[in-house]
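Structure record follows, encoded as structure tokens.
The values are calculated or read from the model by the stated rules, or taken from the named source; none is laboratory data. This is a predicted model, so every value here is computed, not measured. Heads up, the Cβs are rebuilt from the backbone with ideal geometry, glycines too, and the neighbour counts pull from every protein chain shown. Each accessible area value is taken on the protein alone, full model and side chains, heavy atoms only, with ligands, DNA and RNA left out. Shrake-Rupley method; radii C 1.70, N 1.55, O 1.52, S 1.80 Å.
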Amino acid sequence: MSTAGKVIKCKAAVLWELKKPFSIEEVEVAPPKAHEVRIKMVATGICRSDDHVVNGFLVTRLPVILGHEAAGIVESVGEGVTTVRPGDKVIPLFVPQCGKCNICKHPEANLCLKHDLNEPQGTLNDGTCRFTCRGKPIRHFLGTSTFSQYTVVDEMSVAKIHADSPLEKVCLIGCGFSTGYGSAVKVAKVTQGSTCAVFGLGGVGLSVIMGCKAAGAARIIAVDINKDKFARAKQVGATECINPQDYEKPIEEVLREVSGGGVDFSFEVIGRLDTMMSALLCCQEAYGVSIIVGVPPNAQNISMNPMLLLTGRTWKGAVFGGFKSKESVPKLVTDFMAKKFPLDQLITHVLPFEKINEGFDLLRSGKSVRTILTF
Ligand code: PAD
Ligand code: ZN
Ligand code: ZN
């Protein structure tokens, strides 16, 4: 019996309060309105940005259904939807691509003005929510909310992908992989023969390493305080691994020394102000490029000496690896299927969706890279 046009009752992980575990609840998911799409979730990754919400680093409205790195199958579509149909395999997009705003029309930029990152409303584009639990409306997260058996997204926040794609792997293209890989190849534009330093070896940092390798970097120096992350970093392309805790002097000095005066490209993929400064300081003063990928704690500032940039360094950042989401995600999936890059090395754990709290514990304890929750 078709569920189209009807409210669907299903399980979702609701975050009622900060710093509390997720609660698996029965929620009601309303049918998609015009230009919206309802998706049956198949697999979702756990990204540190979800945890940043739980601990209050990344502000969003509560109660909320988190999750933004996923893949699923279209269950039904609202009026006027033309780019996906029921039965299509899709990836939800936490940065939309409306195709009409100045950013979407800009040849390089990707942060479509319809995004819900800076001053989050926690709604779909029309300003309302599709989730209800215990009679209360539940907020959306970045227009995706993938920690639910069903979710509703705006059409500009979903990409149709190859019909044969393995959803329990390509879900990582919804955030971690694309963010890291794009930060290297598209945002930094890493050059052949260059030396790169990558701070933070989680799912996103490892994907930065893959991007540096694909761009032809000669040296990729991986930096983390958890040495258990080093073996995997080497597997994906790191040429050397450094633990800052093994040195008396600041890590930026160590990196400047081992690179003969500073690296060409550095990436902060942790989300800390001190490592953002270290990453800037370790790049060569006249031409080094430093990229902020990690999400910094809410409302904290860095004080820096402008001389660091006057000498010639470049300091920049981007979300989702600078990729225009709706047009790039299907291509990235096709590239994965053509074996242009692996995703298996990013996945350390697979758990049933109901074990979401266990998945977050694995991330917090440093034991996992990516945990995939399956529905
Ligand atoms: P993760 O927690 O899996 O990896 C972070 C790594 O950093 C871990 O291996 C830690 O051991 C390591 N680490 C922690 N502190 C230090 C330190 N002081 N020095 C060196 N290493 C340290 O996270 P992730 O890979 O899922 O995400 C990384 C960041 O990227 C995080 O801040 C997340 O919110 C952000 C992100 N940004 C975007 C974007 O669009 N810009 C997208 C996805 C994730
Ligand atoms: Zn993410
Ligand atoms: Zn736009």
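Here are some notes:
- In summary, segment 10-122 shows an alpha-carbon radius of gyration equal to 1.16 times the 2.2 N^0.38 Å reference for compact globular proteins.
- Taking a quarter of the surface of the Cα convex hull of segment 30-75 gives a mean projected area of 4.1 nm².
- In the full protein context, segment 262-323 carries 43 Å² of accessible surface per residue, based on a 1.4 Å probe and ignoring ligands, DNA and RNA.
- Binning all Cα-Cα separations of the chain at 10 Å, short to long from zero, yields these whole-percent fractions: 5, 25, 34, 23, 10, 2, 0.
- Charge context of THR123, other residues only, Cβ under 15 angstrom, K/R +1, D/E -1: +1
- In units of the compact-protein estimate 2.2 N^0.38 Å, segment 116-162 shows a Cα radius of gyration of 1.18.
- Considering only LEU142, GLN121, GLY87, the residue lying farthest towards the positive end of the dipole of the chain is GLY87, judged by Cα position with unit charges set on Cβ.
- For the chain, with all protein chains in place and a probe radius of 1.4 Å, 52% of the accessible heavy-atom surface sits on carbon or sulfur.
- Local electrostatic count, CYS241, Cβ distance below 14 Å [Lys/Arg +1, Asp/Glu -1]: +1
- Relative packing of peptides 339-348, 311-320 - highest average C-beta neighbours within 10 Å first: 311-320, 339-348
- The chain - share of DSSP beta bridges that are antiparallel (%, nearest 5): 55 percent
- Net charge dipole size for the chain [Lys, Arg +1 and Asp, Glu -1 on Cβ; Debye, nearest 20]: 640 debye
- Relative contact order, percent, segment 313-375 [alpha-carbon distance under 8 Å, six or more residues apart]: 29 percent
- Taken per residue, the accessible surface of segment 46-180 reaches 37 Å², heavy atoms only and a 1.4 Å probe.
- With contacts taken as Cα pairs under 8 Å and at least 6 residues apart, segment 188-345 reaches a relative contact order of 19 percent.
- The residue list TYR181, VAL258, SER165 was ranked by how far each Cα lies along the charge dipole of segment 147-280 toward its positive end, using unit charges on Cβ atoms, and SER165 comes out on top.
- Relative contact order of the chain: 18 percent, from C-alpha pairs under 8 Å at least 6 residues apart in sequence.
- For the peptides 277-285, 142-150, 17-25, 111-119, residues were scored by their other Cβ atoms within 10 Å and the scores averaged per peptide; the highest-first order is 142-150, 277-285, 111-119, 17-25.
- Local charge for CYS175 was computed over the other residues whose Cβ lies under 14 Å away, with Lys and Arg +1 and Asp and Glu -1, and equals 0.
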